[in-house]
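What follows is calculated from the coordinates using simple rules that are stated; it is not laboratory data. What you see is a predicted model, and the numbers here were worked out from it, not measured in a lab. All Cβ positions, even for glycine, are placed from backbone atoms using ideal geometry, and neighbour counts span all protein chains on display.
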Amino acid sequence: MDVSFAITGKGYVILAADTTAAHSIIKVKLDEDKIKELSPHLLMAYSGEPGDTVQFAEYVERNIRLYQIRNLYPLRPSSAASWIRRSLADSLRSRKPYSVNLLLGGYDTTTHTPHLYWMDYLGTLVDVPFAAHGYGSYFALSLLDRYHDPEAPLEEGLAVLKRCIDEVTKRLVVAQPKYKVKVVDKDGVREVEL
Amino acid sequence: MSIMQYNGGSVIAMVGKDCVAIASDLRLGVQSLSISANYQKIFPITDRIYVGLPGLGTDVTTLHEQFRYRVNMYTIKEEREIEPQTFAQLVSSTLYERRFGPYFIEPVVAGMQKLPTGGFAPFIAATDLIGCLNFAKDFVVAGTASEKLFGVAEGLWEPDLEAEDLFETISQTLLNAVDRDAFSGWGAVVHVITKDKVVTRTLKGRMD
């Protein structure tokens with residue numbers, strides 16, 4: 001029942017994920033952070049099978065960190081996306097695959113461009129201007145087809161994100177009440193309040 | 001629904017007079033939900049060879065990386081570029097290696113083959129997901145719209161088309177075929193390969 005969205009704009013990527021941790025029909029936690037800060041300019045929202053998600057996200061987080069320690073520089077968003085995709089693709093054809101869907105948002109400090117990648121548990125990697133996972137995607141993608149502007153400043157981007165969240169809250173039966181929103185731009189990653 | 005139809009997408013290649021063309025749609029979806037309208041599934045291998053990889057999205061990337069690695073190793077060992085014929089065999093053996101747990105991709109190869117005389121001849125080939133090669137003299141198709149592509153191509157293609165006419169033929173074939181397929185479409189890309197250059201054009205398509 002996880003819901004996550006992401007949109008790119010002029011020099012930034014916004015990621016949003018609900019904060020509910022559920023065990024079947026029971027909500028057990030209402031302030032779970034499902035967006036990891038992988039490096040100074042890289043964010044990853046994860047959803048999917050409980051257990052797999054945190055396990056895989058921490059595995060990725062530690063390896064991205066290890067690369068940065070070894071090489072002094074962090075991986076660029078496209079390279080990090082390729083590495084994570086390869087991990088999932090190899091896992092898919094193993095005895096027990098990870099069942100984790102990801103949104104990867106990053107700011108490339110060498111080309112000064114924001115990047116957003118949509119990735120599913122199969123290892124399908126797509127470079128997109130906006131993306132969503134979970135039931136929220138059925139509402140958010142059509143809204144974003146209409147309202148997304150790649151040149152919009154941050155305030156407008158957050159306003160469009162708000163419309164997506166409001167629509168999901170209004171129309172989805174299993175809607176989540178709270179969302180955590182994080183932004184990555186030239187200044188790095190930070191959390192914002194909607 | 002079959003895993004081959006999960007992400008959608010189609011590729012076609014055609015032979016012309018001293019040229020070949022390869023084209024694909026740009027959609028990537030999850031069943032009927034479209035995720036991207038700019039998903040490239042045709043990749044350059046050398047200046048004269050292109051490969052189209054319709055099928056499961058994860059295997060599109062995995063196989064592209066695998067082919068890039070193997071072609072690079074070939075280039076280093078042989079100290080020359082790979083020829084289309086040889087590359088088609090490489091594609092076939094790469095897929096057959098996974099005979100009992102295949103990559104869910106049906107590759108299409110298009111390129112200009114160097115002849116012993118010094119000239120170039122158009123070359124196209126396609127394989128199924130376990131690497132059974134099909135060398136055709138006219139056109140090859142693959143992907144979720146393959147049945148429709150066969151029908152339209154059978155009606156529109158004729159021998160010895162010049163590069164510009166071949167572009168028109170392959171474009172009309174692809175656009176009209178994918179409009180009848182729910183899992184392909186959302187724009188298209190066409191590469192026309194001649195012995196000394198490649199012309200790439202992006203086409204607008206119906207977005208429904």
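Some notes on this structure:
- Counted residue by residue at 0.36 nm each, then reduced by the alpha carbon distance between them, the extension gain from residue A:187 to residue A:78 reaches 37.4 nm.
- Cα centroid of segment A:33-80 to Cα centroid of segment B:88-134, whole Å: 37 Å
- Taking every residue in A:129-136 and counting other chain Cβ atoms within 10 Å of its Cβ, the average works out to 1.
- Charging the Cβ of each Asp and Glu at -1 and of each Lys and Arg at +1, and nothing else, the dipole of the protein assembly as shown about its Cα centre rounds to 980 debye.
- Average other protein chain Cβ within 10 Å of Cβ, residues B:4-12: 1
- Global size of chain A: 15.8, 48 Å for Rg and Dmax (C-alpha atoms, Rg to one decimal, Dmax whole).
- Summing charges over all other residues whose Cβ lies under 14 Å from the Cβ of residue A:155, with Lys and Arg as +1 and Asp and Glu as -1, gives -2.
- Relative contact order (%) - criterion: Cα under 8 Å, at least six apart; region: chain B: 31 percent
- Using every pair of distinct Cα positions in the protein assembly as shown, the Kirkwood expression returns a hydrodynamic radius of 22.4 angstrom.
- More than 18 angstrom apart: percent of Cα pairs within segment B:131-208: 45 percent
- Across chain A, C-alpha contacts under 8 Å between residues 6 or more apart give a mean separation that, scaled by the residue count, equals a relative contact order of 32 percent.
- With a 10 Å cut-off around each Cβ of A:88-100, the average count of Cβ atoms from other chains is 1.
- Segment B:27-116: chymotrypsin sites (Phe, Trp or Tyr not before Pro) in DSSP loop, at most 16 other beta carbons within 10 Å: B:100
- For the pair segment B:1-48 and segment B:137-173, the centres of their Cα atoms are 14 angstrom apart.
- Projected-area average for segment A:37-130 over all orientations - Cα convex hull basis, square nanometres: 5.8 nm²
- Highest to lowest packing among B:132-145, B:154-167, scored as the average C-beta count within 10 Å: B:132-145, B:154-167
- Taking Cβ atoms as reference points and 11 Å as the exclusive limit, the residues near residue A:176 contribute a net charge of +1, counting Lys and Arg as +1 and Asp and Glu as -1.
- Packing order of peptides B:124-130, A:57-63, B:188-194, A:140-146, highest average first: B:188-194, B:124-130, A:140-146, A:57-63 (average count of other Cβ atoms within 10 Å over each peptide's residues).
- Other residues with beta-carbon under 9 Å from the beta-carbon of residue A:18 carry, at +1 per Lys or Arg and -1 per Asp or Glu, a net charge of +1.
- Cross-link reach list, lysines versus residue A:36, counting only Cα pairs under 25 Å and skipping chain neighbours closer than eight places: A:10, A:27, A:96, A:162, A:178, A:180, A:182, A:186
- Listed residues B:75, B:142, B:207: farthest to the positive end of the dipole of chain B (Cβ charges): B:75
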